[in-house]
């Protein structure tokens, strides 16, 4: 029995970790659990996700027995088999958590990373909730025939997680009698996003609302009942989207057909698909749920978070006011490059006297705190070469050439812009370089190293040994 449980833990966690990695980028997962009310609390954390949270875990689970909740065993015994008593997010910094109690597992709390560029944590919480259900089911049945099933379900759960979160929010806003069916909507959104019209990807917004609320909208045009385009006809809907491109107008659907073209629907509860060409965003009202691209849903906002830039600036010898202004300037230029889909390079020079860089000099440095000069710099960033920005918040040059000797750690899979930045920062101190690629996230480079490099976690080895008790884990 013990080896079966340990293998179930492995398959469930491995499937969860792999599924979340495809949805949110490189992700880890961990579990804290106790099978019976009087069992010691155990930790399954093969990739050290919980490292750094030891003090709060000790306080929650060892210094207090509140998590056991007196009388909970009796409550669980009265519950129907297969029911879950939910345990909410513990609100640990940098983590998303969700847990539950059942007759087969007295307590379990699942954890994964809270990536800074997530549209919403809602789908991920639903993912963790499903892990609670599946592991409880496996422990209850103890059937080796279905041992791997839970992991396979969690590995491919992205669309279901998005659907579950949307349904939860709809039930709160509209009640249980909504006529909108979410799965056909999600299928249509992915299908339409992959459909080209004269080689162009779709632009514009398609909103799904309750049929009875359509009469409350500012209607511009309505289709006859027998001629309303079916939502499953992706090509037809894609053509109709051309009527709402780059405007406040929206196509309105009841979840089955395209009913009207309307404007001014801010007061109506809706699921919206905002098509932006190669990608798009799924929203509840104006709140992003997730993005979609290449026929899949993703958690990302598709914007660089610039966390590493902010951290590098704060660790410099610059005063806080200068750091704040520099970060605003960098963010403006990077966001413009992302919207324009072009690459650029920014050299952020901390030196009191900016270093000499080969490139186009300026007779007088441009004060980037002034809007007209900042807008000019956004345009100059399009040119080949780097912008040279000093600690005085001024632009000292553009189209700058970054040179240096070859160093270990260069990546031939990356372009000349990236590798030149590695070489230049290895040869010159007291600066960072921000590289924005047209087709990749930004890279933040300092002293010949990429600060923003993502760690590729090693696969979790299968093991039938029991996970350690929490007190041993904390030691």
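The values are calculated or read from the model by the stated rules, or taken from the named source; none is laboratory data. Being a predicted model, the structure only gives us computed values, none of them experimental. Methodologically, a virtual Cβ is constructed for each residue, glycine included, from the backbone with ideal geometry; neighbour enumeration extends over all protein chains shown.
At a glance:
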quantity	calculated
Among (1) out of contact with any helix residue (DSSP H, G or I) (no Cβ under 8 Å at 6 or more places or on another chain); (2) loosely packed, with under 15 Cβ neighbours inside 10 Å - the single one residue 369 does not satisfy	(1)
Filter pass, residue 174 being modelled with pLDDT of 95 or more, under 30 Å from residue 121 (Cβ atoms) and in the same structural domain as residue 290 (by TED's automatic domain parsing)	no
Selection from the range 208-234 of residues that are closer than 27 Å to residue 167 by Cα, free of Cβ contacts under 8 Å to residues at least 60 places away in the same chain and touching a helix residue (DSSP H, G or I) at 6+ places or on another chain (Cβ under 9 Å)	210, 229, 230, 231, 232, 234
Single match in 166, 121 (criterion: under 25 Å from residue 47 (Cα atoms) and within 24 Å of the chain's Cα centre (by Cα))	121
Scan of the range 101-112 for residues that are in a loop (DSSP other than H, G, I, E, B) and closer than 21 Å to residue 16 by Cβ, ordered by number	102, 104, 105, 106
Of all residues making up the range 150-186, the number that are free of Cβ contacts under 8 Å to residues at least 24 places away in the same chain and out of contact with any helix residue (DSSP H, G or I) (no Cβ under 8 Å at 6 or more places or on another chain)	5
Strands (runs of 3 or more DSSP E) wholly inside the range 1-100 that include at least 1 residues being touching a strand residue (DSSP E or B) at 6+ places or on another chain (Cβ under 7 Å), without any contact (Cβ under 8 Å) to a residue 60 or more places away in the chain and surrounded by fewer than 18 Cβ atoms within 10 Å (Cβ to Cβ)	85-87
Qualifying residue in the range 311-319 (condition: touching a strand residue (DSSP E or B) at 6+ places or on another chain (Cβ under 7 Å) and surrounded by fewer than 16 Cβ atoms within 10 Å (Cβ to Cβ))	no
Tally, over the range 189-206, of residues that are touching a helix residue (DSSP H, G or I) at 6+ places or on another chain (Cβ under 7 Å) and in a helix (DSSP H, G or I)	2
Test for residue 422: is it part of a loop (DSSP other than H, G, I, E, B) and buried (at least 20 other Cβ atoms within 10 Å of the Cβ)	no
The range 247-279: number of residues that are in contact with a helix residue (DSSP H, G or I) (Cβ under 7 Å, 6 or more places away or on another chain) and part of a strand (DSSP E or B)	10
Members of the range 285-300 found to be touching a helix residue (DSSP H, G or I) at 6+ places or on another chain (Cβ under 6 Å) and free of Cβ contacts under 8 Å to residues at least 60 places away in the same chain, listed by number	none
Criterion: assigned to a helix (DSSP H, G or I) and in contact (Cβ under 8 Å) with a residue 12 or more places away in the chain - qualifying residue of 241, 282	241
Selection count where residues are assigned to a loop (DSSP other than H, G, I, E, B), surrounded by 16 or more Cβ atoms within 10 Å (Cβ to Cβ) and at pLDDT 85 or above, scope the range 443-462	1
Some residue of the range 134-156 being within 30 Å of residue 71 (Cα to Cα) and in contact with a strand residue (DSSP E or B) (Cβ under 7 Å, 6 or more places away or on another chain)	yes
Flag for residue 417 being at pLDDT below 90, within 25 Å of residue 329 (Cβ to Cβ) and in a helix (DSSP H, G or I)	yes
Spans of helices (runs of 4 or more DSSP H) in the range 301-403 with at least 1 residues touching a residue at least 12 places away in the same chain (Cβ under 8 Å), within 22 Å of the chain's Cα centre (by Cα) and within 16 Å of residue 434 (Cβ to Cβ)	307-314, 320-340
